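Worksheet for the structure shown next.
The values are calculated or read from the model by the stated rules, or taken from the named source; none is laboratory data. Source: prediction; values computed, not measured. FYI the Cβ positions are ideal-geometry reconstructions off the backbone, even for glycines, and counts take in every protein chain you see. Heavy atoms of the whole protein, side chains included, go into the accessibility calculation; ligands, DNA and RNA do not. Shrake-Rupley method; radii C 1.70, N 1.55, O 1.52, S 1.80 Å.
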Amino acid sequence: GGGGGGGDWDRGSQMPRDNRGRGGGGGRGDGDASDWQRGKAPPPPRPVAGRGGRGGRGGRGNRHNNEPFPDDDFDPLVRNANRWVPSKDNSIMAKVEKQVKGLLNKITKEKFDRLAGQLCDIQIKSYDMLTLMIRLVYEKAIGEPTFSDMYANLCYQLSQRVKKSPFIQIIESDEDPMAEPGAEYNYDDGGSASFRWSNDVSTSDAEILGPFDSEDQCIDVALGNDDTDPIQRGEMELSLHRLLIKRGNFIKIMRSQGDDKFYMVCFPLSQAEECGQQLSTKIFTSEIECQNDATKMNTFKRSLLNKCEDEFNKQDIYKDWKEEMKEYKKLKATLSESEQNEREEELEFRRMKIKKQMLGNIKFIGELYKLGMLKEKIMRFCIQSLLKLEEVQGADYLKFKNVDDDEMDEEDHEALCNLFVTIGSTIDNPKAAPYMQAYFEKIHVLSEDKSLSSRSRFAYQDLIDMRKMGWKLRRKVETAKTLEEIRKEAEREERMQQQQSMQNNYGGRGGGGRGRGGGRGDKGGYRGGRGSGDYRNDNRESGGRRDNRGYDNQYDSRGGRGSRNDRNDGGRGNYGYSPNRGPPPMPSSRMAPPPVAPKILSPPGGRSGGEQFSKDKIETRAKNMRDEFMNEGRDEKELLLTMDENLAGNPDAGSIIVQLYADKAMDCKAPEREAMIDILVILYKAKKLTKSDVEVPMADMVEFIDSFVVDSPGAIGFLGEMLAPFLDMKVLSVPWLCEKTALLMKKEDQKEVIHKVIVETKKACGDGAARAVFGGPNEVKALEQLLGAGEFQAIAAKCLG
């Protein structure tokens, strides 16, 4: 069928060729016809798969090329009894490792207390388990240097909680405690007992001796008085019964929980290390002395310090990496370009990871020192090792010399600078002054050493400058933050940007085009100038003209009004020259005088000097002021004295404190919120706060209250508590409140704010005060405009009566 080919052709004659390729014929496998006559066997299929015409999907059906199928008669697969199956490691160490890793992966500053408590609650049943936990915490700390302070705090908490080591075992011995180490073994059957300790005694030995009926029988076999062959422990559960060292043999006696029989393991004391049994090197005369030493040597803190020491003392941290690099260079010629690039990227990634871990180790050690877990002597050792300094013994005064191999590599320079940045403010104390002087003498030399890279020299110079500035960092170092801190920081930055924008818009108006020297410029400005040190002359806007000498004729001897061209310029009073306007003007009596420095206002309370505190320091002192106020009987006199200190040299201190307390009030406990409100009221009444100090932060709180509600459902009520006393004192007004509340997007939020403020005012100040605040004609008018007359009347009927 399908005669799509067409053409003159008689049945029985040779079929004409179809030159249309894929088109005709409707063949089943190929598009063109083949030499074939009816009655003959069909030709074999073409090996190339093609779609043919409409006849089908040429080739898909002949994928096996007509090869016979294999014999279907075969035996089914049989599962062997010893076949491989996946299995879990259910050992106690695997479970603890999984638990610790899971908690460390989840830990953040916000969840720190809860997860650190869970880590501290893990029962450490062996020394291997203790070292496993330390290794996991340590690897996490050096791998994430940004959070090293958090991990150091975690280690501090673990060291406080994990003080007792239940895995320590005391071993009774007949050894001579006065014998020299390595001396021939000597014992005295009639003498007093001595003691050793071990932190690695297990009852899971694969082979044991037994069973025995008594403890004495175990000792006889151990001393060679009776021979017996070991047996496999299998699944037998054993508990430790007694440990002793007798006649040069270590004997561990265990008891079966099933048949109450005794079993034991023994070996010569000289083979203890070969058998994997840890023993204290020192022999003690009393069990209490032995127990105290064992506890001291096996605490979390001691084991952590050993780990820090081992990592710090690694001679060449790049040893393995260098070997890999040598191997790569040998094989580089045999690799393709893509393989070379891949291998080089891998090696560079490894190098950066090793360096990151080295710097993380230094920072982590510094954070441990700041928490008191490392002594100053250890930190001096670290600094001297990095500086390649050695203390001269026997000198009359503290003196250092360079060690024989005093070559410092790039990593030493970077590690040293990082260490001082971390611990500088702590270790640079009067007691350590001689050491610090010696260290910085060499650092000064290094900062001027031209053989060092510029990066290292500048890092040392930054270190010197930082010490001169009291170890204040030039840039803020990012540390771990809670989500709440991040949110508040973002909101604070947004508010600052808005305030800066408002100030710029306000200051940009200049003198309003009156040509009086920009009388309302930025704060701290001067008459005749832009007010913020901007001395650019913009004649393109002002249309100012020049005289025939090419200079701008703008200033008269008064320095303010200037010429008519100056009036068109809004009186900006610029005195600098523009590169587009020729050479700078020569001094003359007609030039404007230089700007006068802004006056520094004396702080409130008559204080004319003192330290000017930064914003962070004011916030810290505000927190301390709140705590002292709560804990010391709400002493108003002490509160006012502290506030005077805060205001010294910083007129914005009041606004900063109000802003801080307003933020804290959204997520603190009721007693703290009450204390902060009382503090603000006392400070305002004592004229330590101005109306603007209160008004601006409170306006921000009202405007952003809907975002606070997301994290703190009771935020609107807390806002009402903050506003109530200031509305009662007429510091804030109801029209002001309505104006700020109108900025909220949702009508429900506006209604809830007004309702809660009325309720809290009534609760804090009484019914009469609430009616006086909200019942005046101007107040009612503002509230009805905000909410609508019906809504406000409903709230007033419910709350004001």
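Some points to look at:
- FRET efficiency estimate (nearest 0.05) - Cβ-Cβ, residue 295 to residue 223, R0 30 angstrom: 0.45
- Seen from residue 233, the other residues with C-beta closer than 9 Å to its C-beta sum to a net charge of -3, counting Lys and Arg as +1 and Asp and Glu as -1.
- A Förster radius of 51 Å, combined with the Cβ-Cβ distance separating residue 462 from residue 282, puts the computed FRET efficiency at roughly 0.60.
- Inter-label distance, residue 346 to residue 425: 4.5 nm, where each label sits 7 Å from its Cα along the C-beta direction.
- Segment residue 767..residue 329, full-extension length gain: 148.9 nm, with 0.36 nm per residue of separation and the alpha-carbon distance subtracted.
- Using Cβ point charges alone (K and R +1, D and E -1), the dipole size of segment 304-435 about the Cα centre works out to roughly 500 debye.
- For the listed residue pairs 164/307; 111/488; 353/375; 301/664, the alpha carbons are over 24 angstrom apart in 353/375; 301/664.
- Accessible heavy-atom area order of 700, 220, 404, highest first, probe of 1.4 Å: 404, 220, 700
- FRET efficiency, 1/(1 + (r/R0)^6) with R0 60 Å, evaluated for residue 176 and residue 354 via beta carbons: 0.80
- From phi via Karplus (6.51, -1.76, 1.60), per-residue ³J(HN,Hα) for segment 432-444 in Hz, x at Gly/Pro: 9, 4, x, 5, 4, 5, 5, 4, 7, 5, 6, 5, 4
- Residue 380 - accessible surface, heavy atoms, 1.4 Å probe, Å² rounded to 10: 50
- Approximating the spin labels as points 7 Å out from Cα along Cα→Cβ, the residue 669-to-residue 274 distance works out to 6.4 nm.
- Largest accessible area first, the residues 215, 273 order themselves as 273, 215 under a 1.4 Å probe with ligands, DNA and RNA left out.
- Across every direction, the projection of the convex hull enclosing the Cα atoms of segment 722-786 has a mean area of 3.9 nm².
- The gain in end-to-end length when the residue 247 to residue 472 segment is fully stretched comes to 74.6 nm, 0.36 nm per residue minus the alpha carbon separation.
- Residue 266 contributes an accessible area of around 40 Å² to the protein surface, as traced by a 1.4 Å probe with all chains present.
- Applying the criteria of a DSSP loop state and at most 16 other Cβ atoms within 10 Å to the GluC sites (Glu not before Pro) of segment 615-691 yields 632.
- These residues, 425, 214, go from largest to smallest accessible area, 1.4 Å probe, as 425, 214.
- Spatial separation of Cα centroids for segment 272-336 and segment 416-454, in angstrom: 29
- Between residue 483 and residue 193, the simple label model (points 7 Å from Cα in the Cβ direction) yields a spacing of 5.8 nm.
- Among the listed pairs 106/623; 356/450; 326/355, those beyond 22 Å (Cα-Cα): 106/623; 356/450
- Computed with a 1.4 Å probe over protein heavy atoms only, the accessible area of residue 241 comes to about 80 Å².
- The phi-based Karplus calculation (6.51 cos²θ - 1.76 cosθ + 1.60; θ = phi - 60°) puts the 3J(HN,Hα) values of segment 336-345 at 6, 5, 5, 5, 5, 4, 5, 5, 5, 4 Hz, whole numbers, x for Gly and Pro.
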